[in-house]
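Engineer: Structure incoming, see below.
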Amino acid sequence: MTKKTSMDIHEILDHLPHRYPFVLIDKVTSMDLGNEITAIKNVTINEPFFQGHFPYHPVMPGVLIVEAMAQAAGILGFKTQNEKPADGSLYLFVGCDKLRFKRQVVPGDQLSLEAKVISEKRGIWKFECSAK
């Protein structure tokens with residue numbers, strides 16, 4: 001059964017094992033269980049990584065943009081399977097293909113994160129993700 005839904009930060013924390021400062025999803029704006037999710041990451045100057053990356057020209061590290069997409073995909077997986085990290089379930093990021101960065105992400109930006117299920121086989125999920 002699929003349904004459209006949104007999630008606030010409290011429900012997101014129920015469906016991600018991450019905690020501050022590594023939670024990179026602020027809101028889920030839509031989700032079609034088993035198919036796709038759209039989430040938001042508000043990028044602010046208060047992010048701890050901006051202290052060192054880079055002090056006079058803050059840029060969000062690309063690896064954290066990838067992690068934000070992975071967290072959105074993880075939420076979709078948890079919700080689709082009707083599981084939570086508290087149940088003992090855990091999803092791990094294992095790789096990415098055809099990754100490209102088109103512009104820098106700086107304080108004040110809002111990332112729209114999208115993940116679409118491509119396949120799921122024996123507990124291995126494959127997603128097509130984007131951050132805009």
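The values are calculated or read from the model by the stated rules, or taken from the named source; none is laboratory data. Computed from a predicted model, the values in this text were never measured in an experiment. Here the Cβ positions follow ideal geometry from the backbone for every residue, glycine too, while neighbour counts run over all protein chains shown. Calculation scope for accessible area: heavy atoms of the full protein, side chains included, ligands and nucleic acids excluded. Shrake-Rupley method; radii C 1.70, N 1.55, O 1.52, S 1.80 Å.
Engineer: Taking the condition assigned to a helix (DSSP H, G or I) and within 23 Å of ILE118 (Cβ to Cβ), does ALA68 pass?
Structural biologist: On the way: assigned to a helix (DSSP H, G or I): yes; within 23 Å of ILE118 (Cβ to Cβ): yes.
The answer is yes for ALA68.
Engineer: So is PHE50 aromatic (Phe, Trp, Tyr), farther than 18 Å from LYS132 by Cβ and either over 15 Å from the mean Cα position of the chain (by Cα) or modelled with pLDDT of 95 or more (or both) or not?
Structural biologist: Against the criterion (aromatic (Phe, Trp, Tyr), farther than 18 Å from LYS132 by Cβ and either over 15 Å from the mean Cα position of the chain (by Cα) or modelled with pLDDT of 95 or more (or both)), PHE50 qualifies.
Engineer: While we're looking at this one, here's another question. Just a yes or no: is a residue in segment 92-112 modelled with pLDDT under 95, under 18 Å from HIS15 (Cβ atoms) and buried (at least 18 other Cβ atoms within 10 Å of the Cβ)?
Structural biologist: No: segment 92-112 contains no residue that is modelled with pLDDT under 95, under 18 Å from HIS15 (Cβ atoms) and buried (at least 18 other Cβ atoms within 10 Å of the Cβ).
Engineer: So, of the residues in segment 16-35 that are under 11 Å from LYS79 (Cα atoms) and not in a loop (DSSP other than H, G, I, E, B), which turns out to be least open to solvent (accessible area, probe 1.4 Å)?
Structural biologist: MET31
Engineer: A further question on this structure: Suppose we keep only residues that are touching a residue at least 12 places away in the same chain (Cβ under 8 Å) and part of a strand (DSSP E or B) within segment 93-119. Which one would you say is farthest from ILE75 (Cα to Cα)?
Structural biologist: For segment 93-119, the residue satisfying everything is GLN110.
Engineer: Same structure, new question: Just checking, does segment 36-53 include any residue being part of a loop (DSSP other than H, G, I, E, B), open to solvent by 90 Å² or more (accessible area, probe 1.4 Å) and acidic (Asp, Glu)?
Structural biologist: No; the residues of segment 36-53 include none that is part of a loop (DSSP other than H, G, I, E, B), open to solvent by 90 Å² or more (accessible area, probe 1.4 Å) and acidic (Asp, Glu).
Engineer: When segment 1-15 is examined, which residues are found to be open to solvent by 70 Å² or more (accessible area, probe 1.4 Å) and touching a residue at least 60 places away in the same chain (Cβ under 8 Å)?
Structural biologist: Filtering segment 1-15 down to residues open to solvent by 70 Å² or more (accessible area, probe 1.4 Å) leaves 1-4, 8, 10, 14.
Within segment 1-15, just ASP14 meets the criteria.
Engineer: Which of the residues belonging to segment 53-84 are over 18 Å from CYS129 (Cα atoms) and in contact (Cβ under 8 Å) with a residue 12 or more places away in the chain?
Structural biologist: Within segment 53-84, PRO58, VAL59, LYS84 meet the criteria.
Engineer: Can you work out which of the residues in segment 113-125 that are surrounded by 14 or more Cβ atoms within 10 Å (Cβ to Cβ) and of a type in the set (D, E, K, R) is farthest from the chain's Cα centre (by Cα)? Before you say what the answer is, go through the steps one by one.
Structural biologist: To start, the set of residues in segment 113-125 that are surrounded by 14 or more Cβ atoms within 10 Å (Cβ to Cβ) comprises 113-117, 120, 125.
In the following step, the residues that additionally are of a type in the set (D, E, K, R) were identified as 114, 116, 120.
Working: GLU114: 8, LYS116: 12, GLU120: 18 Å.
This residue is GLU120.
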